1. Round to the nearest 10 and give me the degree value, 0 to 90, for the angle of helix 79-91's Cα axis relative to the longest principal axis of the chain.
2. Determine the distance separating the Cα centre of segment 100-115 from the Cα centre of segment 55-87; give it in Å without decimals.
3. May I ask you to compute the full-extension gain from D17 to R277, defined as 0.36 nm times their residue separation minus their alpha-carbon distance, rounded to one decimal in nm?
4. log₁₀ I(q)/I(0) of the chain at q = 0.08, 0.11, 0.14, 0.15 Å⁻¹, via Debye over equal Cα point scatterers, no solvent, to two decimals?
5. Between E253 and D196, how many nm apart are label points set 7 Å from Cα along the C-beta direction?
6. With unit charges on the beta carbon (Lys/Arg positive, Asp/Glu negative), name the residue among P171, I159, G145 whose Cα is farthest towards the positive pole of the charge dipole of segment 137-182.
7. State the percent of C-alpha pairs, over all pairs in segment 208-328, separated by a distance greater than 22 angstrom.
8. Loop only per DSSP, at most 16 neighbouring Cβ atoms within 10 Å: give me the trypsin sites (Lys or Arg not before Pro) in segment 40-74, ordered by residue number.
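The values are calculated or read from the model by the stated rules, or taken from the named source; none is laboratory data. Remember, it's a predicted structure, so these values are computed and weren't measured experimentally. All Cβ positions, glycine included, derive from the backbone under ideal geometry; neighbour counts span all protein chains shown. Protein only, heavy atoms only, side chains kept; ligands, DNA and RNA dropped before computing areas. Shrake-Rupley method; radii C 1.70, N 1.55, O 1.52, S 1.80 Å.
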Amino acid sequence: MNHVPVPVRLGVLGCADIAWRKLLPAAAAEPRLRTVAIAGRDPTRTDRFAARFGCAAVNRYEALLERPDVEAVYLPLPIGLRHRWAGAALAAGKHVLAEKPMVGTEKQTADLVAQAAERGLTLMENTAFLLHGQHAAVRRAYAAGEIGELRAFSSVFGIPPLHNGDIRYRPDLGGGALLDVGFYPLRAARHFVGPDLRVVGADLRTGSSGVDVAGTVLLSGPNQVAVQVGFGFEHFYRSGYELWGSTGELRLERAFTPPPEHRPVLGLRRHDHRESRTLAAEDQFGALLRTFVAAVCGEHDLSGHHAEMLGHARLVDTIRRAAGLGEP
């Protein structure tokens, strides 16, 4: 991997809300990272981002990728645009951090992983939620035998309806609940149950916009652990999961997008015992950026991360076929 000076200089392709609210404030607090430029389609919006985060405003994505002072690129673009622009960034010799999922299919994921490997560049997907210490606390409790043998895992992520113009309702931009909010419970299932999940059944309901707006997936894991996930864009907000064991259960709410000041509460229940454990507050986006910088600097191996990206994309392709939507 090429030597990269610290702080790593970051360019941003796209003025997405998650960049404004989450990623760029965390980047401003990370001493080994400096945002130097942002490119967007709307000059007024781009100028507003640049003014807030003290960086240059660029009017074309290509122009940002041509800048010699940009060593790494963050892509909060819609899913349907990420394969093109992640590939362009890698071709320009830039390290890439992209929103999740990286792209919409296993084939596209494999293509980007291969491009990054060929050029010796970092390619990372935003799986910040898994870097929050609350999930490690769940794993420790389970590993300590506090709920016995795992029998079932269930998880949900639902949000209220989005405004009509939201990009997640646009098929041409890779919209849909499966790729968006469905990412979290499916990745959590792989994290706790294991990567070898077999799709038993899947139902995806398509809305008037032409994208799936809600879904339920049944899976089977090793030792016949039952897995159920639900997700959608037209729900009362819920974000959590439950591990149901032979002697008890572990439950975590607000599991996927907790604000930095939030102190998670892990619920434990056994036959004659109930307990709530308040865990430490953490900024998962800060953890994400520290991991990304470490990978760029050759201090962190992402081969396992790439395997997870590919496995998740393969699972999503299978779910689409199982739900009768055909090839992605």
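1. So the inclination is approximately 50 degrees.
2. First find each Cα centre; the distance between them is then 17 Å.
3. 90.4 nm
4. Once normalised to I(0) and log-transformed, intensities are -0.38, -0.72, -1.15, -1.30.
5. Each label point lies 7 Å from its Cα, and together they span 3.6 nm.
6. G145
7. 59
8. Loop-located and lightly packed - R41, R60.
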